[in-house]
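**Student:** Please see the structure below; I have some questions.
The values are calculated or read from the model by the stated rules, or taken from the named source; none is laboratory data. All of these numbers come straight from a predicted model, not from anything done at the bench. When we count neighbours, we look across all protein chains shown, and the Cβ atoms used for this are built from the backbone with ideal geometry, even at glycine.
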């Protein structure tokens, strides 16, 4: 089974001796081919870092407070990504348990109820 990247997954991307890691910030959708237009490749962006924007007197009410450092990864490179963990959202960094882990225990549990 191949890994299908999703927003808020934490991944490690190793290629050609380089290693980058971060949260998946955006995943493009598949587009239909249209005659007369070039075919677009699917991609995702990995947020490798953020830094605070400098204060500006003309931009006092701007809700965007950070500069995001993003790395572009095309669909043919997704096989080089290694999934590490998942968070709830970009605003809430709570790490979610893996789907095979029980919420209240650290080891995976199996439902053994006989009524199912």
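**Student:** Out of everything in the stretch 9-39 that is in contact (Cβ under 8 Å) with a residue 12 or more places away in the chain and part of a loop (DSSP other than H, G, I, E, B), what residue ends up being surrounded by the fewest Cβ atoms within 10 Å (Cβ to Cβ)? Step through it out loud before you land on a result.
**Tutor:** Let us first name the residues in the stretch 9-39 that are in contact (Cβ under 8 Å) with a residue 12 or more places away in the chain, namely 9-15, 20-30.
Of the ones still in play, those that are also part of a loop (DSSP other than H, G, I, E, B) are 28-30.
On the way: 28: 13, 29: 5, 30: 7.
This residue is 29.
**Student:** Right, another one. With the structure loaded, tell me whether residue 6 is outside any strand (DSSP E or B), surrounded by 10 or more Cβ atoms within 10 Å (Cβ to Cβ) and out of contact with any helix residue (DSSP H, G or I) (no Cβ under 9 Å at 6 or more places or on another chain) or whether it fails that test.
**Tutor:** Yes; evaluated as a whole, the condition is true for this residue.
Okay, residues lined up against (1) closer than 18 Å to residue 11 by Cβ; (2) modelled with pLDDT of 85 or more; (3) in contact with a strand residue (DSSP E or B) (Cβ under 9 Å, 6 or more places away or on another chain):
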residue: 29; (1), (2), (3): no, yes, no
residue: 36; (1), (2), (3): no, yes, no
residue: 40; (1), (2), (3): no, yes, no
residue: 52; (1), (2), (3): no, yes, yes
residue: 62; (1), (2), (3): no, no, no
residue: 79; (1), (2), (3): yes, yes, no
residue: 84; (1), (2), (3): yes, yes, yes
residue: 104; (1), (2), (3): no, no, no
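**Student:** Still on this model: In the stretch 51-86, which residues are assigned to a helix (DSSP H, G or I) and surrounded by 12 or more Cβ atoms within 10 Å (Cβ to Cβ)?
**Tutor:** Applying the first criterion (assigned to a helix (DSSP H, G or I)) to the stretch 51-86 yields 75-80.
If the condition is that a residue be assigned to a helix (DSSP H, G or I) and surrounded by 12 or more Cβ atoms within 10 Å (Cβ to Cβ), then 75, 77, 78, 80 are the ones that fit.
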